[in-house]
1. Please report the equivalent ellipsoid semi-axes of region 1-100, computed as sqrt(5 x eigenvalue) of the Cα gyration tensor, largest first, in whole Å.
2. Once the Cα atoms of helix 162-186 and of the chain are each reduced to a long axis, what angle between those two axes, in degrees from 0 to 90 to the nearest 10, is obtained?
3. Hey, fewest Cβ within 10 Å first, where do 36, 30, 13 land in order?
4. Note the angle between two axes, namely the Cα long axis of helix 64-77 and the longest principal axis of the Cα atoms of the chain, as a number of degrees from 0 to 90, rounded to the nearest 10.
5. For region 107-200, what are the per-bin percents of Cα-Cα distances with bins 5 Å wide, up to the bin holding the maximum?
6. Let me have the 222 nm mean residue ellipticity of the chain computed from DSSP H runs of 4+ only, each contributing -39500 (n - 2.57), with the sum over all residues rounded to the nearest 500.
7. Given 37 °C and 0.692 mPa s, compute D for the chain with the Stokes-Einstein relation, Rh being the Kirkwood radius over Cα pairs; round to the nearest whole µm²/s.
8. Considering only DSSP beta bridges whose two residues both sit in the chain, what percent are antiparallel, to the nearest 5?
Ligand code: GRF
């Protein structure tokens, strides 16, 4: 059974979707640890309630690579195979990325490369796009930038606010993150430049 390490900073709904899919037998994996850089992250409490191992490693005031070395040590200790960023509000250092080549995923609430960074749904509204969505991608040391594994598209409706659009996108996030994790764990893909090509 492949072992996931979940990193989060906030609400934790993507973490919960992954945990639910594992519990329902829709994803063959286990969650080895849930790590948060914010002590107050609701996602951390949710993980604790589920009886999962949790770890709070506050990142405030710690130099990026020093912090990442602490996180990697904890992931290694638990023999984590795949790192899933689920609302983890930090850039990873080149060190972290090198330690887990093609083994770190992130989910972002836009169709990358459009609208990276914070408030992606508001960015989409402000720009006036008619479709937005979400993206699961491999993580490199740049913001929301690595090779794209999968995306889902949702319409932007005339009456949308950032909140209603975010809710429509979030539903798709919860679906495609698990699909992307399953694909990466299966190893049935190859990388051609930036393109993630599925293999039979
Ligand atoms: C999601 O919108 C995700 O795409 C982004 O941060 C948000 C995290 O939400 N990276 P949650 O904590 O998983 O509920």
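No lab work stands behind these numbers, since they all come straight from the coordinates. Everything numeric here is computed off the predicted structure, so don't read it as measured data. Methodologically, a virtual Cβ is constructed for each residue, glycine included, from the backbone with ideal geometry; neighbour enumeration extends over all protein chains shown.
1. Semi-axes (√(5λ), whole Å): 21, 16, 11.
2. Once rounded, the angle reads 50 degrees.
3. 30, 13, 36
4. Taking the Cα atoms of the chain, the angle to 64-77 is about 60 degrees.
5. Taking every Cα pair in region 107-200, the percentages come to 3, 14, 25, 22, 17, 11, 6, 2, 0.
6. On the way: 6 runs with 72 residues, N = 200.
Roughly -11000 deg cm²/dmol at 222 nm, from the helical runs in the chain.
7. Reported coefficient: 192 µm²/s.
8. Given both bridge residues lie in the chain, the antiparallel proportion sits at roughly 50 percent.
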